[in-house]
1. Taking the dipole about the Cα centre of the chain, with the C-beta of Lys and Arg at +1 and of Asp and Glu at -1, give me whichever of Thr125, Met82, Ala193 is farthest to the positive side.
2. What does the charge add up to near Leu79, with Lys and Arg as +1, Asp and Glu as -1, over the other residues with Cβ less than 14 Å from its Cβ?
3. Beyond 27 Å between alpha-carbons counts as too far, so tell me which of Lys61/Lys317; Lys92/Lys150; Lys61/Lys131; Lys163/Lys313; Lys61/Lys92; Lys23/Lys150 fall in that bin.
4. Could you tell me what percent of the accessible area of the range 155-236 is made up of carbon and sulfur, with a 1.4 Å probe and every protein chain present?
5. Nearest 10 degrees is fine. How inclined is helix 253-287 to the longest principal axis of the chain, computing both from alpha carbons?
6. Quick check on the range 266-331: take the gyration tensor over C-alpha atoms, sort the square-rooted eigenvalues as a ≥ b ≥ c, and tell me if it's rounded (a/c under 1.5), prolate or oblate.
7. How far, in nm, would the chain grow between Glu301 and Glu280 when pulled straight, counting 0.36 nm per residue and subtracting the alpha carbon separation?
8. Taking the simple approach of a point 7 Å from Cα along Cα-to-Cβ for both Asp344 and Leu272, what is their distance in nm?
Amino acid sequence: MNVILAGALAFGAAQAQAATTWKIQSVWDAGTVGYDLFEDWCNSIEEKSGGELIFRCFPAKAVAADNNALFEAVRNGVLQGMNPFTLYWSGKIPASVFLSSYPAGPDQPHQWDTMFYSLGMLEKTREIYQKYGLFYVGPIQHDANIIHSKEPVNSLDDLRGMKIRVPGGMVAEVFQQFGVSTVSLPGSDIFPALEKGTIDAADYVGPAVNYELGFAQVTDNILFGPPGVMSIYQPVDLMDLTVNLRAWNSLSPELQALVEREVRNYSQLHYLAIQRRNVEAMELFAEAGSTVSRLSQEDMERFREAAIPIWFKWANKDEDARAIFDIQLKYMMNPLVGYVDEEDIEGL
C-alpha cells in the first residue's frame, strides 16, 4: 500500500513539473483595456491546456524597458513571448511594414485575415521570423489608429509644419511628404509629450485606449478619414503573438495547435471588445469637449498618390519585403478588391 501511495505521489509530482510556463510581455500599459483583455486571455491558457502550459503575462516595460529590449529579450529567451504591434520592427525586419496596414493599402480586417490564412502570408511570415530565432504565431486584430491634436486639423494641408508622433516606417515617410515632422514614441510617453507641448499631435491607437491614456486632457481635436473611415494611414493596426523559436519547438504538436487556435480566437475576441469600447469612448471624448474633424475624399486620393511610390521603396529593401508585398499587390489588383490597377503602378 505504501509503495502504491509513494508511486502515486511521484506521478503527481511529475505531472506538476511537466507544466511549461512562458513569460510574455505586451506593449499595452497596465490598466488599459488592451492589457486587461490580454491578461484575461493569458490566464485562460492553463485551463485550456489541461495545466500543461501557463502564460504569465507582463505589461509594457515590466521586464524589457523598451521595444528594442523587448525584441532582444524574446530572441534571447529572457522572455518566451511578446504581444507587440507588428509594425514596431520595421527597422529590424523591413517586411514587417507589410504585416500591418499601411497608407492606402488593404484597409479591412477580413482582408488581412484572408492574406494571412488563405493566401500564404502566414507561412511566408514565419519563414522570415525564423531567421531571427522567432516564431510568428499569428496576427491579432486590434483597431484603426487615429490622431489627436491640440489645434484643429481639417485637411492634409493643415498638418504642414506640425510635429506628430507616428509609429515610424512607411507611415512616417508618407506624412513627411506633407510637411510633417515625425517622431516615434512608445504609448506611455505620448501623454507627457502632449502635455509639455514637445509634440503638436499624436497618432496612437483607437478611442478606447487613447481615452484611458488621458488624451482628452491634453488635446481638443480628433482626426478621422471621410465618413466610415477611421484612419487613412493605418486602418487595421495589427498586433501579434511572437515567441522564441526554441520555446516554440519545445512544445508538443498538440500544444502548438492549441496556441495557434487560441491566437485566432483571441484575435476576434480582442477586436470586438475594442470596437464596443470605442463607441463608449467617443461619447466620453464628446463630454470632455473633443471635436471630431474629417479629411476629405480628395485628401484620401492625395495621400494615396504619395503612398504608392513608398510602398515600392519599402518592398525593395530586401527579398523578404518583396515576397510579402507581392502577395498583397496581387490581392489588391484582383477584381475582387480592385484597389490598384496598372496605371497606378506604371513605372514602379
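The values are calculated or read from the model by the stated rules, or taken from the named source; none is laboratory data. If you're wondering where the values come from, they're calculated on a predicted model, not measured in any experiment. Backbone-built Cβ (ideal geometry, glycine too); neighbour counts: all protein chains shown. The area values use the complete protein model at the heavy-atom level, side chains included, leaving out ligands, DNA and RNA. Shrake-Rupley method; radii C 1.70, N 1.55, O 1.52, S 1.80 Å.
1. Value computed over the given set: Met82.
2. +3
3. Details: Lys61/Lys317 30 Å; Lys92/Lys150 32 Å; Lys61/Lys131 25 Å; Lys163/Lys313 24 Å; Lys61/Lys92 20 Å; Lys23/Lys150 39 Å.
Too far apart for the 27 Å limit: Lys61/Lys317; Lys92/Lys150; Lys23/Lys150.
4. Looking at the range 155-236 in its full context, I get 46 percent from C and S.
5. Tilt relative to the chain: about 40 degrees.
6. Numbers: a/c = 3.61, a/b = 1.64, b/c = 2.20.
It is oblate, given that a/c is not under 1.5 and a/b is not larger than b/c.
7. On the way: separation 21, 0.36 × 21 = 7.56 nm, distance 3.07 nm.
Stretched out fully, the Glu301 to Glu280 stretch lengthens by 4.5 nm.
8. A separation of 3.1 nm, rounded to one decimal place.
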